[in-house]
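Worksheet: one structure, shown below.
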Amino acid sequence: MSKIYEALHLNEVDFAGSSEPLAIAGMPMGTPSREFEEKLLALHRRIESSLAVEDAKVVSIVGMQSVKQGFTYTYELARLASEHLKQRVLILCTQQSGTSQHLLRQPAASIGWEKAVFEDKPLSEAILHVSKPPISVSQLNATPGSLAGLAASHRTQDHLRRLRKRYDLILIDSRPLPDGLDAALLGPLADGTVLIVDAGVARWQVVRSAVEQLVSQQGTFLGVVLNKRRHYIPGFIYQRL
């Protein structure tokens, strides 16, 4: 059922009649190792080959243990795709996700899709541009209680279809699965979901339960990234996922 990936160690959108979106500063991070980048490129290739989508691929990256997990992989994959592959990349995030906490600041953190979806305001007001790396960021929900309504709205799906034509890759960063239903709610909006799992920490039963939760909400499960893997894990465990 699942495909286990190799362990990793750790633009512009113009909607008619809208104002210029707010620009935000990027997040200063250390230069990743060549090995790290090569494995991220491998993950990117697997995503590309797994999804037969004409426009931008929408991929949800979800951490199992911490906010940092999902954010690190989402941010670094976005940076790599933008800087090395010259793709137009958009990160969609939920409130209290790593992207929201580390990239967005007030008043940016108070901007969400609610006005665009429920009040027919320009969506560009909720799309922010990062200068380095050159990516775009948009927070889906400005309040925790609005995410379910946003995820179920046909207008959200319409906006996402338009964004697919303006970007090459759209990544969704949400809170870890144990912290809420963000990933399950957004699963149907994505072409597929990748789980980030710390090897030796998460039990395979817990991972399988997370996969079943995603699939039960009509989400598509792409695979697992084993983070901080140090020892060989018997193949029979992989087969149970």
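Looking only at region 130-152, decide whether some residue is out of contact with any strand residue (DSSP E or B) (no Cβ under 9 Å at 6 or more places or on another chain) and over 22 Å from L104 (Cβ atoms).
The answer is yes, given that some residue of region 130-152 is out of contact with any strand residue (DSSP E or B) (no Cβ under 9 Å at 6 or more places or on another chain) and over 22 Å from L104 (Cβ atoms).
Give the number of residues within region 79-119 that are at positive phi and surrounded by 22 or more Cβ atoms within 10 Å (Cβ to Cβ).
0
Collect the residues in region 173-213 that are crowded, with 24+ Cβ neighbours inside 10 Å, hydrophobic (A, V, I, L, M, F, W, C) and touching a Lys or Arg at 6+ places or on another chain (Cβ under 8 Å), keeping them in residue-number order.
Correct list: A183 only.
Which is under 22 Å from H84 (Cα atoms), surrounded by 12 or more Cβ atoms within 10 Å (Cβ to Cβ) and at pLDDT below 85, of L8, L43?
Unique residue meeting the criteria: L8.
Output the residues belonging to region 63-93 that are in a loop (DSSP other than H, G, I, E, B) and more than 19 Å from L128 (Cα to Cα).
Within region 63-93, M64, Q65, S66, H84, L85 qualify.
Can you pull out every residue in region 128-172 that is surrounded by fewer than 17 Cβ atoms within 10 Å (Cβ to Cβ) and within 19 Å of V67 (Cβ to Cβ)?
Within region 128-172, T143, P144 qualify.
Please give the strands (runs of 3 or more DSSP E) falling wholly within region 104-213 in which 1 or more residues are among the aliphatic types (A, V, I, L, M), in contact with a Gly (Cβ under 6 Å, 6 or more places away or on another chain) and modelled with pLDDT under 95.
127-130, 192-198
Under 7 Å between Cβ atoms, which residue pairs at least 6 apart in sequence (or on different chains) link something in region 65-94 that is under 17 Å from E48 (Cβ atoms) with a partner that is aromatic (F, W, Y)?
Sorted first by the residue in region 65-94, then by its partner, the pairs are R88/Y167; V89/Y167; L90/Y167.
The values are calculated or read from the model by the stated rules, or taken from the named source; none is laboratory data. This one's a predicted model, so the numbers in the text were calculated from it and none came from an experiment. Cβ atoms come from the backbone with ideal geometry, glycine included; neighbour counts cover every protein chain shown.
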